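Take a look at the structure below.
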Amino acid sequence: MWPDRRITDLLEIELPIVQAPMAGAQDAALAAAVSAAGGLGSQPCAMLPADGIRAEVAAIRAATDRPFNLNFFCHAPSDPDADAQAAWKARLGEYYVELGLDPEMEVSAPNRAPFDAAMADLVDELGPPVVSFHFGLPGEELLERVQATGAAVISSATTVAEARWLEDRGVDAIIAQGAEAGGHRGMFLTRAVASQVGTFALVPQVVDAVSVPVIAAGGIADGRGIAAAFALGASAVQVGTAYLLTPEARISDLHRAALAHGNADETALTNVFSGRPARGLVNRVVREVGPLAPEAPPFPTAGGALAPLKAKAEQGGSPDFSSLWSGQAMTLARAEPAATVTRRLAAEAGACLARLAGS
């Protein structure tokens with residue numbers, strides 16, 4: 001029933017629904033459930049060591065024999081900058097005092113490892129059917145190693161220029177990530193956050209600019225959005241926020257409650273949690289320090305100074321310093337199992353497409 005089967009044929013999946021990889025918000029359970037339901041489940045790897053990735057892949061394969069995706073970051077690590085870290089710590093100092101923490105306490109930067117030779121070795125060992133990248137692509141030699149495994153390679157673009165850049169380097173499909181999407185922006189050729197394009201303006205322009213199939217992402221959480229993406233030329237959609245209320249998602253009760261009561265106008269692109277722009281629900285630290293704080297040190301180091309504040313506040317039942325990642329369509333999310341969400345989205349989209357075809 002799908003008007004464009006290039007993605008379903010390429011990835012050997014039944015439904016043109018890709019579950020967005022959400023580092024820190026999921027594990028293999030979500031990826032396996034979506035894959036088993038006929039979509040493409042995705043396992044984020046940027047926060048995991050090699051043994052952790054092996055364990056997650058084993059869990060996916062124990063639960064389903066359907067294709068799945070391993071996702072990696074491709075950011076260029078920044079050199080340590082003690083002055084930037086000190087300035088950021090000073091900016092947050094009043095909150096340390098308020099919560100009874102020592103402003104001089106040692107903090108450590110969170111791990112967000114970019115794709116490297118060791119990860120290329122792991123991809124060769126594990127043989128995932130699909131490998132996706134965020135923040136561009138790895139270097140030419142590393143990319144060729146991934147392609148040599150036979151995996152389909154996809155990556156995110158937030159502009160037409162980024163989409164063309166990805167196609168020139170041989171990706172099999174492009175995720176057109178509109179500004180509505182939750183979590184980190186995949187932007188890599190631009191830092192212009194204010195001019196990031198919305199999904200339904202971006203998708204048709206990317207479709208017209210490249211020959212490879214396009215996966216629409218951002219603000220898509222029901223069948224109407226999927227049908228609209230197909231009408232604009234997409235071959236599939238990537239869905240993230242709609243899966244955050246599933247029992248398979250690994251988010252806190254505070255995050256679930258915030259999503260359940262949030263609205264589209266309560267999200268913002270902010271750099272306060274990691275140093276790179278990411279969309280989440282506005283809470284106290286985003287409102288008072290950001291949303292885009294010039295003092296925030298480079299990705300991913302901003303999160304280190306926030307970690308003690310997050311832990312202490314959450315102990316008291318407050319999400320004031322927590323990263324509450326969410327796209328703008330959170331009110332469309334339902335607290336259903338991931339397989340149910342996947343099949344419902346496909347059925348809704350099919351009904352919408354049938355009505356459009358008959359009109």
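The values are calculated or read from the model by the stated rules, or taken from the named source; none is laboratory data. Predicted model, so just to flag it, every value in this text is computed and none were measured. Ideal geometry is used to build each Cβ from the backbone, glycine not excepted, and the neighbour counts take in all protein chains shown. Surface accessibility is based on the protein's heavy atoms, side chains included, excluding ligands, DNA and RNA. Shrake-Rupley method; radii C 1.70, N 1.55, O 1.52, S 1.80 Å.
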Tail fraction, Cα-Cα pairs, region 1-139, threshold 25 Å, whole percent
42 percent
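Mind checking the dipole of region 225-359: about its Cα centre, +1 per Lys or Arg Cβ, -1 per Asp or Glu Cβ, Debye to the nearest 20? Spell out each step's value before the answer.
Values: 12 positive and 10 negative charges, 45 e Å.
Once rounded to the nearest 20, the dipole reads 220 debye.
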Karplus-derived 3J(HN,Hα) from phi for region 214-220 (6.51 cos²θ - 1.76 cosθ + 1.60, θ = phi - 60°), whole Hz, x at Gly and Pro, runs 10, 10, 7, 9, x, x, 9
Spelling out what I want: for every residue of region 53-70, take phi, set θ = phi - 60°, compute 6.51 cos²θ - 1.76 cosθ + 1.60 (Karplus), and round to whole Hz; glycine and proline get x.
5, 4, 5, 5, 5, 4, 5, 5, 5, 6, 9, 7, 9, 7, x, 9, 10, 9
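With the full set of protein chains in place, find how many percent of the accessible area of the chain is carbon and sulfur; take the probe as 1.4 Å. All intermediate terms of the calculation are to be shown ahead of the outcome.
Numbers: 7420 of 14330 Å².
Using a 1.4 Å probe with all protein chains present, the chain comes out at 52 percent carbon and sulfur.
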Signed unit charges on C-beta, dipole axis of region 53-117, positive-most listed residue 63, 103, 114:
63
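May I ask for the Kirkwood hydrodynamic radius of the chain, worked out over all distinct Cα pairs and given in angstroms to one decimal? Spell out each step's value before the answer.
Numbers: mean 1/r = 0.0487 Å⁻¹.
Mean inverse Cα-Cα distance, inverted, gives 20.5 Å.
If you average the sequence gap of Cα pairs under 8 Å that are 6 or more apart and divide by the length of region 242-359, what percent do you get for the contact order? Could you put the intermediate results ahead of the total?
Working: 163 pairs, mean separation 40.4, N = 118.
Contact order relative to length: 34 percent.
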Taking amide hydrogens as modeled 1.01 Å from N in the peptide plane, which residues meet the under 5 Å criterion relative to residue 270, leaving out close sequence neighbours?
278, 279, 280
With both bridge residues required to lie in the chain, what share of the DSSP beta bridges run antiparallel, to the nearest 5%?
20 percent
What residue among 240, 217, 298 has its Cα farthest toward the positive end of the dipole of region 211-320, where the charges are +1 on Lys, Arg and -1 on Asp, Glu, each on the Cβ?
298
Can you list, largest first and rounded to whole Å, the semi-axes you get for region 133-231 by taking the square root of 5 times each eigenvalue of its Cα gyration tensor?
23, 15, 12
What is the magnitude of the charge dipole of region 300-345 about its Cα centre, with +1 placed on the Cβ of each Lys and Arg, -1 on the Cβ of each Asp and Glu, and no other charges, expressed in debye to the nearest 20?
180 debye
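Mind checking region 52-115 for GluC sites (Glu not before Pro) that DSSP puts in a loop (not H, G, I, E or B) and that have at most 11 other Cβ atoms within 10 Å? Let's see the in-between values first.
Working: sites: 56, 94, 98, 104, 106; in loops: 104, 106.
Taking region 52-115 and a limit of 11 other Cβ atoms within 10 Å, the loop GluC sites (Glu not before Pro) found are 104, 106.
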Go through region 234-245 residue by residue and turn each phi into a ³J(HN,Hα) via Karplus (6.51, -1.76, 1.60, θ = phi - 60°); whole Hz please, and just put x for glycine and proline.
5, 9, 5, 10, 10, 10, x, 4, 4, 9, 6, 8
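Count charges around residue 209 for me, please; just the other residues with Cβ under 13 Å from its Cβ, Lys/Arg as +1, Asp/Glu as -1.
Counting the neighbours of residue 209, the net charge comes to -3.
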Can you bin every Cα-Cα distance in region 229-359 into 10 Å intervals starting at zero and give me the percent of pairs per bin, rounded to whole numbers?
12, 35, 30, 16, 6, 1
